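All remarks here apply to the structure that follows.
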Amino acid sequence: MKNLALIIFIFFVGGASLTGSAQSLDEIKNIRNELFYTDFNFDKCQKYYNYIVSLKDKSPLVQAYQAAAESLMAKHSWNPLSKFSYLKNAQELLNDAVDADEENPEIRFLRLYIQRSIPSYMGMSNDIAEDKAAILTHLDKLNVEELGRDIANYIALYMTAPDLTTAVEASLIKKKLEVN
């Protein structure tokens, strides 16, 4: 009887963790899609920001997406102090996310993208070369099916820009992300 109770306990705890994992994957997919489809529209960005800040999950990947939301808020802010504050928060979140999961190419891509979008005179674009190298090294960790075709294509298009990568690197990226 004691063994049966233990088996039932393990089943429910194991099932709960599997459900939590599936829920977490669905939430990450939703977070990706919401950002990708904001169209950089202010109202959608504001909604996305409020959504991601309210999440209890503060995993490194979620932190990186929250940094993206902070960056979008900076883009739409007219107040220079607010802009700077959002960008500073984004930078801290990104650095914490990278420190917690250095080999995650999705986190590295978000930081690279954001840093390339910030004017260099702000001094917040120091990790671009490091992130590019990490993305190329760990590109095989990006799961195209999990990301979704649109997002994988966007990452490939962005990463293969001639001012960012060489022709050889671009070819590698396209091959790994299954893009022609």
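Taking Rg and Dmax of the Cα atoms in Å as the quantity of interest, determine which of (i) 15.6, 42; (ii) 29.0, 82; (iii) 18.6, 69 was computed from the displayed structure.
(iii)
Helix 105-117 versus the longest principal axis of the chain: what is the Cα-based angle in degrees, 0 to 90, to the nearest 10?
For 105-117 against the chain, the angle is about 30 degrees.
Between SER125 and PHE36, take the C-beta separation as r, use R0 = 25 Å, and let me know the FRET efficiency to the nearest 0.05. Kindly include the intermediate steps, with their values, before the conclusion.
Numbers: r = 23 Å, r/R0 = 0.90.
Working from the Cβ atoms, E equals 0.65.
Treating cross-link reach as a plain straight distance, find the aspartates and glutamates whose alpha-carbon is under 14 Å from the alpha-carbon of LYS75, omitting any fewer than eight places away in the same chain.
Excluding near neighbours in sequence, the set is ASP39, ASP43.
Do the alpha carbons of any pairs in LYS29/LYS176; LYS88/LYS175; LYS56/LYS83; LYS88/LYS141 sit beyond 30 Å of each other, and which pairs?
Beyond 30 Å: LYS88/LYS175.
ASP140 to LYS56: FRET efficiency via 1/(1 + (r/R0)^6), r the Cβ-Cβ distance, R0 41 Å, to the nearest 0.05? Each step should come with its number before you reach the end.
On the way: r = 31 Å, r/R0 = 0.75.
Efficiency computed from Cβ-Cβ geometry: 0.85.
Can you give me the angle between helix 2-36 and the longest principal axis of the chain, using Cα atoms only, in degrees from 0 to 90, rounded to the nearest 10?
20
Would you work out if the stretch 20-103 is rounded, prolate or oblate? Take a ≥ b ≥ c from the square roots of the eigenvalues of the alpha-carbon gyration tensor; rounded if a/c is under 1.5, else prolate when a/b is larger than b/c, oblate otherwise. Before the final figure, lay out the partial values.
Numbers: a/c = 2.38, a/b = 1.32, b/c = 1.81.
Here the stretch 20-103 falls in the oblate category.
Do any GluC sites (Glu not before Pro) in the stretch 45-113 lie in a DSSP loop with no more than 13 other beta carbon atoms within 10 Å, and if so, which?
Loop-located and lightly packed - GLU102, GLU103.
Provide the solvent-accessible area of ASP140, counting protein heavy atoms only and rolling a 1.4 Å probe, rounded to the nearest 10 Å².
Answer for ASP140: close to 100 Å² accessible.
FRET efficiency for ALA167 and LEU81, Cβ-Cβ distance as r, R0 = 30 Å, nearest 0.05?
FRET efficiency, ALA167 to LEU81: 0.10.
About the Cα centre of the chain, how large is the charge dipole given +1 on each Lys and Arg Cβ and -1 on each Asp and Glu Cβ? Please answer in debye to the nearest 20.
Magnitude of the dipole: close to 260 debye.
Any chance you could check the Cα centroid distance between the stretch 43-92 and the stretch 152-179 for me, in angstrom?
Cα centres, the stretch 43-92 to the stretch 152-179: 27 Å.
Taking the Cα centre of the chain as the origin and placing charges on Cβ (Lys, Arg +1; Asp, Glu -1), which of MET73, ALA152, LEU142 is farthest toward the positive end of the dipole?
Result: MET73, furthest along the dipole toward the positive end.
Calculate how steeply helix 80-100 sits against the longest principal axis of the alpha-carbon atoms of the chain, using the helix alpha-carbon long axis, and give the answer as 0 to 90 degrees to the nearest 10.
50
Suppose a student asked you for the relative contact order of the chain, using Cα pairs under 8 Å spaced at least 6 residues apart; what percent would you report?
14
The values are calculated or read from the model by the stated rules, or taken from the named source; none is laboratory data. Not measured: the values here are computed from a predicted model. Glycine also receives a Cβ, built like all others from the backbone with ideal geometry; neighbour counts cover every protein chain displayed. Side chains included, ligands, DNA and RNA excluded: accessible areas come from the protein's heavy atoms. Shrake-Rupley method; radii C 1.70, N 1.55, O 1.52, S 1.80 Å.
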